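First the structure, in the form of structure tokens, and then the observations on it.
Only the coordinates and a few stated rules stand behind these numbers; no lab work does. These figures come from a predicted structure and were not determined experimentally. Cβ coordinates were reconstructed from backbone atoms using ideal geometry, including for glycine residues, and neighbour counts include every protein chain displayed.
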Amino acid sequence: MSLLVTKDLVKWFGDTHAVDHVNFTVRDSEVLALIGSNGAGKTTLVNLISGLFRPDGGQILFRDADVTHQSVHGRIKAGIARSFQLVNLFDQLSALDNVALTIFSRDGKTRNLATLASGDSAVWDEAADILRLFGLEAKARMLAGGVSQGERKLLDVAVAYALRPKLLFLDEPTSGVSTREKAPIMDTITSVVRSTGISAAIIEHDMDVVFNYSDRIVAMHQGTILADGTPDEIRRNEAVTTTLIGTTETR
Amino acid sequence: MDVLLIHLLNSLLYASVLFLIAGGLSLIYGVMRIVNLAHGNLYAFGAYVTAWAIGTVAAGASVPVLLVLLPAGALAAAILGAVLEPTLLRPFYKRAEEYQLLCTFGLLMILEDLMRFIWGPYPLSASTLFESFGSLPVGESIYPTYNFLVIGVGAAAAIFLWAFVYRTKFGVVLRATSQNMRMASALGVNVNRVYVQAFTLGCFMAGLGGAIIVPGQSAVLGMGVDALVLAFIVVVIGGLGSLEGALVGALIVGFVREAGITWFAEIELAVLYLIAALVLLVRPAGLFGRP
Amino acid sequence: MSTLAPALQQIGSTAQTLRVAVPIAALLALVPLVLPPYGAILLAYGLVMAIGALGFNLLLGYTGLLSFGHSAYFGVGAYAVALMVKYLKVGSMELFLVGAIAASVLITALFGVVCVRYTRIFFGILTLALSQVLWSLAFKFFWVTGGTDGLRVPTPSLFGGLVTGAGDKTAFMSHAYYYYVLIMFCACAALMWVIVNSPFGMALQAIRDNETRAEFVGVRIWRYRWVAFLVSGVFTGLAGALWVPLNGLTTPDIMHWTFSGEIVFMTVLGGFRSFAGPIIGAIVFNYLKTYAIGYTVYWQLLLGTVLVVLVLSLPTGIVGTAGKLAAKFRARSSG
């Protein structure tokens, strides 16, 4: 069953086809890796699906509903959430606040300006639980701007996860993180994702991460999908190995 | 017919001065990504200095002498700008934008009272130069000749600036720094120096606007903020950071204001805001701006 | 309650805040009994400004929007009262407040729609420009607003006519009206405290910290900014309404950008990154202004210079700097 389907999705930037008639699918309960050299169109594709950019052509269907022209708010309500390549958090709020705020927003409670936020213990309990899931409970009271890069990356994912999405887009969740920390971060992310049955599409450059954690790999090149298959199939795919060798880091 | 011509000339007169102020604002923003809230007061400062030079210091001198002294305001504004940028603006480039706005707002207040302190609370005029030019016949009416000079300066400034930015080596450096400061710096451009130069040039333009208009109308406290607000309308319409936008915006504002004054005197300012609001709604980056 | 209590930055728990606020309110209540009438009236002005500054800081400190045109809403509140006196022959403070709130809601809703689509510089100058429009209208339509002469506002009756201004005006202002202002101040401060500590307040801070991320957790930016703008303007309009009976008169200069500058200044002076900063800043500023104006006519110069110095070296204002010093002191004495 396809959770997400794009049909002939197009995005121009000036004269360049950043995304060139892409037919991209994500299935239920799968962890998918989106790979490709810089400029292949991966982030643009995610930006189009999450609603940051408007497409110049094509369609985006999420759970059979057409979300092509939906607002960001609408897509979040439908069940699409994302994290960012350059960590995007509320730096002056604590880690716990970051997640709690997300839950308040998800439940439509941010409209309340006459009740104290601290009074809603259900939200704070859930926020604490989510932090625990991601191993961040020790940093709950620290300002998001003050925790380590690895923790910020995890917090970014936790915030997206707190929206209770059906499809989670993660844009380079281990970039800028030391090699030692990559595996624990990916372990945490994938265990959370798999245990809740949501789908995740992860943009990654690190091939070890890609091959160790994904059910399926989609390779992009110059705005189009080059190959789509299981890790084994992709490993044996000559087109992929020739275009991506030397341009992606393998640590 | 000549009434229409007079309206046209008045619009161009207004547009010339507005172009100088707004163009300076846009140039500074284009290169440095800052908006100096005190920019209008540099225009006022230029007006005061010139009015003082022509109307007080050299009062009674011959017309050629007065003409030579006319740009004094522009030079004074430029010098002030060259002093202000490294001292009061540079500390804020790396900080949150609110601080920069707060600092330039503080500067606005300082300059306003500085002008009051130096020149007193009453308007300062320098009308002898204006009157000595006499007037030219326009159809059956007459029009002050001096105003043609103002329009001429405005046009010349537009041409000179265009040439400067697009035809000189410094212009290339300016454009490079405005498009990608880090890259320019990596290529060896002394960004600090470019910033000071760009800021000084922007202040010079504002001061020049004040200098050339003051013979026709006195320098008065509060003219700086009024000018800032109008310059803002111009850059909203034309696009912040674009010199062509400043020119087109200035022309539009000039014409609309003239029409407004003639037919809707009370709400002339409101009509301008309406246009600015419309432009913001339809094309938020302005007609020539980069979104 | 959850095992991990919420830790909103710089906003203490309710209990902590009450422990500080209640004694202060009690002290303020003693003022008319301790200070001469002039002292109480001066403090009343300070409390009124504090309400305005609280409103202003909802936008700056909590939403990240710096408005240079808040004098407009103060003026709308003040003129609403004056016009009610002039045309409706009303004299009740409660009716004044209702009228001022209604007028503020109208104007801020309208201005907000225009201003809130933009941020930072554009927002700042738009707010400045719009307030200048109102100021110039107050001049131009002098047959309505009294032009530069302004409009007089007599002593109002309080609590639905229970307390009237008949008799000694100074005594009325320094006692009955002072307590009225104090009650309004406490109510406004409490209300604003709840608002910034509400889920809505958290959403505003999220927008301030990271607009993109806020959008991507489902917060609709324009709407929230617009509501913040509305609340902010209404608080300031309320302040204007409370101010005008104290002043006895309202003139166009309270809508001039220089007054907006004072609001900005007092908030930065107190510290815009804290809840109490605007309050402290407003009261301190009020005293500063009263005594400094006697010294110099170059008030703008003083204000501007101090603002620049503040922003350069003491950006967290009085409250922030005091907090840092207290923390250092605590660290030293325990270490």
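Multiplying the residue separation of B:LEU67 and B:GLU244 by 0.36 nm and removing their Cα-Cα distance gives an extension gain of 60.9 nm.
Calculated on the alpha-carbon coordinates, the convex hull of segment A:83-164 measures out at 87 cubic angstrom per residue.
If R0 equals 41 Å, the separation of the Cβ atoms of A:ALA239 and A:ARG164 corresponds to a calculated FRET efficiency of about 0.65. If you add up the charges near A:PHE104, with Lys and Arg at +1 and Asp and Glu at -1, over every other residue whose beta carbon is less than 12 angstrom from its beta carbon, what do you get? Value of the local net charge: -1.
Stretching the chain fully between C:LYS328 and C:TYR87 yields a gain of 81.0 nm (0.36 nm per residue, less the alpha carbon separation). Annotation: amide H of B:LEU136 within the under-5 Å range of B:TYR143, B:THR145, sequence separation 5 or more or interchain, hydrogens built in the peptide plane. Histogrammed with a bin width of 5 Å, the alpha carbon distances of chain A distribute as 1, 6, 14, 17, 19, 17, 12, 8, 4, 2, 0, 0, 0 percent, first bin at zero. Taking a sphere under 14 Å around the Cβ of C:LYS324 and counting the other residues whose Cβ falls inside, with K and R at +1 and D and E at -1, yields a net charge of +4. Computed over segment C:224-335, the range of Cα coordinates on each principal axis works out to 56, 42, 24 Å, biggest value leading. By the helix-only formula, in which each DSSP H run with n ≥ 4 contributes -39500 (n - 2.57) and the sum is divided by residues, chain C has a 222 nm mean residue ellipticity of -24000 deg cm²/dmol.
Dividing the helix sum by the residues of chain A, where each DSSP H run of 4 or more adds -39500 (n - 2.57), gives a mean residue ellipticity at 222 nm of -11000 deg cm²/dmol. Expressed in units of 2.2 N^0.38 Å, where N is the residue count, the Cα radius of gyration of segment C:92-148 is 1.36.
By other beta-carbon atoms within 10 Å, ranking C:TYR178, C:TYR38, C:TYR118, B:TYR195 with the fewest at the front produces C:TYR38, C:TYR118, B:TYR195, C:TYR178. Close amide H partners of A:HIS221, meaning residues 5 or more places away or on another chain with modelled amide H under 5 Å apart, are A:LEU226. Dividing the radius of gyration of the alpha carbons in segment B:19-221 by their Kirkwood radius gives 1.03 for Rg/Rh. With the alpha-carbon atoms of the protein assembly as shown aligned to their principal axes, the span from lowest to highest coordinate is 92, 74, 56 Å, starting with the largest.
Take the Cα of B:SER132, step 7 Å along the line toward its Cβ, and report every residue of segment B:21-55 whose backbone nitrogen sits under 15 Å from that point. From segment B:21-55, the list is B:51-55.
Note that segment B:171-212 shows a convex hull volume over its alpha carbon atoms of 55 Å³ per residue. Principal axis extents of the C-alpha atoms in chain C (largest first, rounded to whole Å): 59, 47, 45.
Using a cutoff of 8 angstrom between alpha carbon atoms and counting only pairs six or more residues apart, the relative contact order for segment B:19-221 works out to 46 percent. Taking 8 Å as the Cα distance limit and 6 or more residues as the minimum spacing, I'd like the relative contact order of segment A:83-164 as a percentage. Value for segment A:83-164: 51 percent.
With neighbour counts taken as other beta-carbon atoms within 10 Å, the residues B:ILE151, B:ILE6 rank, fewest first, as B:ILE6, B:ILE151.
In the neighborhood of C:THR296, defined by Cβ-to-Cβ distances under 15 Å, what is the net charge if each Lys or Arg adds +1 and each Asp or Glu adds -1? Within the 15 Å Cβ shell, the charges total 0. Within 10 Å of the Cβ of each residue in C:112-119, the mean number of Cβ atoms contributed by other protein chains is 2. Set against the 2.2 N^0.38 Å expectation for a compact globular protein, segment A:160-244 has a Cα radius of gyration ratio of 1.13. For C:ALA102 and C:ALA29, the FRET efficiency from 1/(1 + (r/R0)^6), where r spans their Cβ atoms and R0 equals 25 Å, is about 0.25. Using only side-chain charges placed at the Cβ, +1 for Lys and Arg and -1 for Asp and Glu, the dipole size of chain B relative to its Cα centre rounds to 1300 debye.
Only lysines eight or more places from A:LYS11 in sequence, or on another chain, were considered; those with a Cα closer than 30 Å are A:LYS42, A:LYS77, A:LYS153, A:LYS166. Fewest-first ordering of C:CYS188, C:CYS115 by other beta carbons within 10 Å of each residue's beta carbon gives C:CYS188, C:CYS115.
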